[in-house]
Structures are given as C-alpha cells and as structure tokens.
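I have placed the structure first, in the form of structure tokens, so that the comments after it can refer back to it.
The values are calculated or read from the model by the stated rules, or taken from the named source; none is laboratory data. None of these values were measured; they are calculated from a predicted model. Backbone-built Cβ (ideal geometry, glycine too); neighbour counts: all protein chains shown. Ligands, DNA and RNA are stripped out before the accessible areas are found, and what is left, the full protein with its side chains, is counted by its heavy atoms. Shrake-Rupley method; radii C 1.70, N 1.55, O 1.52, S 1.80 Å.
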Amino acid sequence: MMLTVWRCQACGTVRLCGRRLCPECSSGRWLEAALPSAGRVLAVTRVHIAPAEAPVVGPPFTLCLVKTDVGGVQFMAASEEELTIGDAVALSCDRQAAPYLVTRQPARP
Amino acid sequence: MAFVAGVGLTAFGDLAPATSVDLQLEAAEQALADANLSQAEIDGLLVGYSTSAPHLMPANRFAERFGLRPAFAQGVSVGGATGLSMVDLARTLIRAGRARNVLVVAGENRRSGQSRATARQTLAEVGDPVHEVPNGGSVPAYYALLASAYLHRYGLREDDLAAFAVLMRHNASVTTGAHFRKPIAIGDVLASPAVATPLNRLDCCPISDGGAAIVLSADLPGNGPALEITGAGQAHLHQHLSATDLEDVAAGAVQAAMAAKTEAGCGTFGRIGIYDSFTITLAMLLEACGFAAPGRASAQLRDGCFERDGPLPLNTHGGLLSYGHSGVAGGMAHMVETVRQLRKDEAENSDRPRSAFLHADGGVLSAHVSLVLEARR
Ligand SMILES: [Zn+2]
C-alpha cells in the first residue's frame, strides 16, 4: 500500500484524510500524491497499555505525530524506537501491522 | 429564557447490577423531584448515548420506561460534549417555543456493564480507523501526544499535570458519591503505572457507572435562585488529531468559550466546571477558555486559584478524574455540581459572583460546548 496525501487543486491545502470539500476554499477538486517520507516528531508517547493488538513489537511501543519536511503534512505513526520531540524520522518500508511506521534518521541541520 | 429547574446525580462507581436505563431513571427521578415537576409536565426529552447499551432510539426507550410522552424527543451523540450540548439544545427548544420543560438525561453502566478491554476498544474508535487506530492509537494515547507537545512547548514537567489530579481528588474526598475519595499526593500520581507517557494511571479518569439529569424550564423555578443559561457556544473543527494542526488543536475551545461569554456579556465567574478526562485536558481547556495564560494553568493552580475556597473554584465535586466518568453523565456532573454550589452561595449569601462557566469537549478536543450560567434576581 502506497501512503498518500490529498492536495486541493484550487488552494494547495494538503490533508492526510480524503474529504469531499476543501475546508479552506470549498473546492471539491483533489489530487492524490505520495506522502513525503521525511519529517520531524511533533509529539510522542510511549504506549504501555494498548487497546488491541500492538502495531509493532510491544507494548510498550512508540506512537508519534510527525510533520513532513515537504508540504508540512501531519500524520500519526508507530515506531519500535524511543523517540523524542524534534527527532528526524522517515517512513519505514518494513511494514508491520502499523500502516504508518517510522524510524529515526541521522540529525539534519 | 431558559432556567435550570432541577438537577439529579447518582453516586458514581461500580453500581452493578444497575443497567444504563436504571441509572438514567434514578437521575431523572431526582431531577424531577428537585424541580418539583410531574412527569406529565415534561414536554421535551433529550437522552445521551450509552456505549454499554447502544440503541437506535435512546430517548424513546427512556421515555417508555419512565412513563413520559414528550412532544419532542431526541438521542444525542457528540462524545464528551454530549451533556452540555443537550443542555444547549434544550435551551434552544425552550426559546423557540417548542417545549416548556425539557428533561436532559444520561446514564451508563460503563464500568460494570462491559469488560475494560471492550470499553477501551469502543473509545479507540474516536480515532481514524485507517490512519490512526491501526498504529496503536487509543484515547489515552491521543491525549498523551497532546501532553508531550504541551510540556515540551512550555518547558513543564509531569508533576505540573499531576497537580490537577491531586486537586480533583481533594475535591472528591469531601463529596458523597465520588468514585475515588482517598486523598493522593503528586508523588502518588507520578508513581502510578504509566499508561501512555507522560500520562500515568492517575492522570486518567476512571471508568465508572453513573447517571445525571438536568431539567430546563421556561418558567422561573421555585427552588433557590433563578439560574438562567445566558450564553452558549459550540465549535466542531475536526474529528481526528491527524486532521488538525497541532498548534491549533484547541482552537475549537477558544471559539466556543468566546461565543458563550460574548452572548452572555459576562466575563466574571464565581465558579467553573471544565471537562477533565485527563489532567492535560484540564490544563489545555483552562487556558483555551481564558482562565489561565498559555502554559500557566498549573502555576495558577499552585497559587491556589482553583481551590474550593480560592477565587475560581474548579470542579468542586472532583471532576471526571475522581468523581468518575460514566460517559455522558460524567460530563453533566460538572453542571449539576455547579448548580448546587451556586444555590448554596445564594443561601449563604456569599460574596462570590452568582455566575459560572462550563465547558466540555468530545473526541480529541474535537467537539466543544461552553455555557454561561447566571443567577437572575
Ligand atoms: Zn482548497
């Protein structure tokens, strides 16, 4: 499964979840594009009590909010690593149960 | 005009074998007795959802069991904001002339009526089923994400949040019917098991059984001060955390609070009731609703601002964190408590302003309702 985002053709708003009308300009014309892989951690938690099957090995496992460097799209992801806010991360190809999985990347300026 | 005619609240906790409807009936009976109204006088009915007893027609199910034949009835569902949302709608019905006496009721055996895992799984559906839940999302985890960003942004620590759990427990310790009443200290919160960092178990509300009811009326009530709903505001800007910008995540609360205060023309309050599903919820909503500067809610708490005898008593029954959380009724308990305290202020002729502000959120700061309550003389 390729992870994608939706870009409003009228005003350029980018959203993760598809929707009928653009909340910014009410246009209904969207283009699907690949979700940029690289981003930074905006918020992070180590989950010790999981609701159902853990998305990766654990619990505990990491759940975070990531903002992509390109496009500034926010998405939620799981990780097997312990992350902190500001860490550079990238989407991992190692698909486990979690549809969005990230790993830490070397620090970028 | 819409006045608060009566309120009812059951004890919260493990109330087996009471069913959801049993708890609704008990709370409604209390509220009607408090309002000194008969069943025949109730012509409007609003009933909140129950996750442990889902139903297509919760208002009709309740009406039949209670013996009501209202001219208007509706089931309502906007998560944790449902209780205040129903009160807002009841006021609208009264002002539009569609009803004179509206009963708002909710009750759920959320604790004893289902397994803890089922309750958590149901609540996880607040998250996006494609983009969030499969990554291991849950309600505590979403609020933990908010908490991590909040603490990082303002350079605060876990004990700043823990202080809210301590205050709520202190309030519950003197409240009959509260689910948890044994006083706790900040160290107890920090030492409780981690749920989703930085939130520990005592940063999270319990799952409780309980019921609550409120009657709104077009007529001046005979009991105590005439408490009128003078302002209301709502905002529904997103459903999922992934669909909003983290920096603007509390914007709905700001909008709703502003709308309610503006309509009421009132900015001075003697009491406040703020939704507190987690300690972070309380800190963020206090700031968004204008009762603390950004990042300053815990500092204000330490200064005594929100204590029972302080300038702005907050959730004096113990809130969701300690009185308990039985779903929709949990979010109504803040209003029931506020009404009772305002009546007491009047009876004791206290110096406090006879006005209160209430706010509740549903989802992940997704649905917001604010109300202003003022005594009319
Ligand atoms: Zn647009």
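To keep it simple, each residue is scored yes or no on (1) under 30 Å from B:LYS261 (Cβ atoms); (2) in a loop (DSSP other than H, G, I, E, B); (3) within 14 Å of chain A (Cβ to nearest Cβ).
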| residue | (1), (2), (3) |
| --- | --- |
| B:PHE62 | no, no, no |
| B:GLY83 | yes, no, no |
| B:LEU89 | yes, no, no |
| B:GLY97 | yes, yes, no |
| B:ALA119 | no, no, yes |
| B:ALA141 | no, no, yes |
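Quick grid of which residues meet (1) touching a Leu at 6+ places or on another chain (Cβ under 6 Å); (2) assigned to a helix (DSSP H, G or I):
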| site | (1), (2) |
| --- | --- |
| B:GLN234 | no, no |
| B:SER242 | yes, yes |
| B:VAL254 | no, yes |
| B:ILE272 | yes, no |
| B:ILE280 | yes, yes |
| B:GLY310 | no, no |
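Flag set for A:CYS17, criterion: within 15 Å of the ligand (Cβ to nearest atom) and at the interface with chain B (Cβ under 8 Å from one of its Cβ atoms).
Based on what the data block shows, is B:LYS344 free of Cβ contacts under 8 Å to residues at least 60 places away in the same chain, among the basic types (Lys, Arg) and either surrounded by fewer than 24 Cβ atoms within 10 Å (Cβ to Cβ) or closer than 30 Å to B:GLU132 by Cα (or both)? Yes; evaluated as a whole, the condition is true for this residue. Just so you know, in segment A:1-11 the residues that are of a type outside the set (Phe, Trp, Tyr) and either within 18 Å of B:GLN239 (Cα to Cα) or more than 7 Å from the ligand (Cβ to nearest atom) (or both) include one that is farthest from the other protein chains (Cβ to nearest Cβ), and it is A:GLN9.
Quick check on B:PHE66: is it under 24 Å from B:GLY233 (Cα atoms), modelled with pLDDT of 95 or more and surrounded by fewer than 23 Cβ atoms within 10 Å (Cβ to Cβ)? Here the answer is no, as B:PHE66 does not meet what is asked.
Output yes when any residue across segment B:111-132 is open to solvent by 30 Å² or more (accessible area, probe 1.4 Å), under 16 Å from A:ALA52 (Cα atoms) and small (Gly, Ala, Ser), and no when none is. Taking every residue of segment B:111-132 in turn, at least one turns out to be open to solvent by 30 Å² or more (accessible area, probe 1.4 Å), under 16 Å from A:ALA52 (Cα atoms) and small (Gly, Ala, Ser). Pairing each residue of segment B:295-318 that is at positive phi with any residue that is in a helix (DSSP H, G or I) and loosely packed, with under 15 Cβ neighbours inside 10 Å, provided the two are 6+ apart or on different chains, yields C-beta distances under 9 Å for B:GLY295/B:ARG153. When the test is whether a residue is out of contact with any strand residue (DSSP E or B) (no Cβ under 9 Å at 6 or more places or on another chain), surrounded by fewer than 18 Cβ atoms within 10 Å (Cβ to Cβ) and within 28 Å of B:THR10 (Cα to Cα), B:GLY318 does not pass it.
For segment B:201-241, the tally of residues that are within 13 Å of chain A (Cβ to nearest Cβ), open to solvent by 10 Å² or more (accessible area, probe 1.4 Å) and under 30 Å from A:TRP6 (Cβ atoms) stands at 5. Of all residues assigned to segment B:244-257, at least one qualifies as being open to solvent by 20 Å² or more (accessible area, probe 1.4 Å) and either away from chain A (no Cβ under 14 Å) or farther than 27 Å from B:SER366 by Cβ (or both). Filtered by the rule that a residue be more than 7 Å from every other protein chain (Cβ to nearest Cβ), crowded, with 24+ Cβ neighbours inside 10 Å and within 8 Å of the chain's Cα centre (by Cα), segment A:65-80 gives a lone residue, A:VAL66. Residues in segment A:21-31 that are touching a strand residue (DSSP E or B) at 6+ places or on another chain (Cβ under 9 Å), within 14 Å of another protein chain (Cβ to nearest Cβ) and open to solvent by 50 Å² or more (accessible area, probe 1.4 Å): A:PRO23, A:GLU24. Screening the candidates A:LEU83, A:LEU42, A:LEU35, A:LEU91 for the property of being at the interface with another protein chain (Cβ under 9 Å from one of its Cβ atoms), open to solvent by less than 70 Å² (accessible area, probe 1.4 Å) and away from the ligand (no atom under 16 Å from the Cβ) yields one hit, A:LEU42.
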